Structure formats: C-alpha cells, structure tokens
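Visitor: I'd like to ask you about the structure that follows.
The values are calculated or read from the model by the stated rules, or taken from the named source; none is laboratory data. Quick caveat: nothing in here was measured; it's all calculated off a predicted structure. As a convention, Cβ positions derive from the backbone with ideal geometry for all residues, glycine included, and neighbour counts pool all protein chains shown. Ligands, DNA and RNA are excluded from the accessible area calculation, which covers all protein heavy atoms including side chains. Shrake-Rupley method; radii C 1.70, N 1.55, O 1.52, S 1.80 Å.
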Amino acid sequence: MRRIREGEVPYDGGTAVQEDPGRPVFSGNGANDYVCVECGNVLAIGMDPEHMGKRVRIRCGRCRTVNVSAEVPAELSRRRAPGRNGEGR
Ligand SMILES: [Zn+2]
C-alpha cells in the first residue's frame, strides 16, 4: 500500500472506510494481504492484485490514513493509449 494525502482524494465512492481496526475491510481467497502504510494495521486479507489495483482506497480504522493499493499514481493509471498524442511537435 502507499499513502495518499487526505483532502486530495476525490471521494468518488472508491474509498472503503475501515470501521473496526481489528477487522479487515476486505477478505478473500487471494494471495496478498494489505496493511496500512502508516501503522501496519491489516486492512484487507486474501486479495488478488487484480482486485486491489483499480483505484481501491481504504481508510485505516486505527490512524485514518487513506491507503491506495495501486502501485502507480491515479494520474498514471488514467493514461491514454499510446501513439495518439501530437504533443512535442
Ligand atoms: Zn493505519
């Protein structure tokens, strides 16, 4: 997970709030566990990266840090298909 600054987050419905710090927001049968970048609290267990990489955000129930699971910034995940930009010329 990586940190995102609160206030910069577009709350478009993609942020899951952990209400109970002792209980993961998501649990599944995947390979990865996700913990808070700030305090190490467990936010999700058994998730596959394919499920967690699409702009999923979780607000830690212990320290209120908003974590994002995607390994690239949101701006990069929105990139357009290559080869169509005419900039630079
Ligand atoms: Zn935390």
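Visitor: Among (1) at pLDDT below 95; (2) in a loop (DSSP other than H, G, I, E, B); (3) surrounded by fewer than 16 Cβ atoms within 10 Å (Cβ to Cβ), there is one condition R3 misses while meeting the rest; what is its number?
Guide: Status for R3: all satisfied but (2).
Visitor: Scanning the stretch 6-19 for residues that are open to solvent by 70 Å² or more (accessible area, probe 1.4 Å) and within 15 Å of the ligand (Cβ to nearest atom), which turns out modelled with the lowest pLDDT?
Guide: E6
Visitor: Another question, if that's okay. Go through the stretch 45-68 and report how many residues are more than 14 Å from the ligand (Cβ to nearest atom), assigned to a strand (DSSP E or B) and among the aliphatic types (A, V, I, L, M).
Guide: Number of matching residues: 2.
Visitor: If a residue has to be open to solvent by 50 Å² or more (accessible area, probe 1.4 Å) and not basic (K, R) to count, how many in the stretch 49-62 make the cut?
Guide: Residues that pass the stated criteria total 3.
Visitor: Counting only residues that are more than 15 Å from the ligand (Cβ to nearest atom) and open to solvent by 50 Å² or more (accessible area, probe 1.4 Å), which one in the stretch 21-44 is nearest to R5 (Cα to Cα)?
Guide: The extreme case among them is F26.
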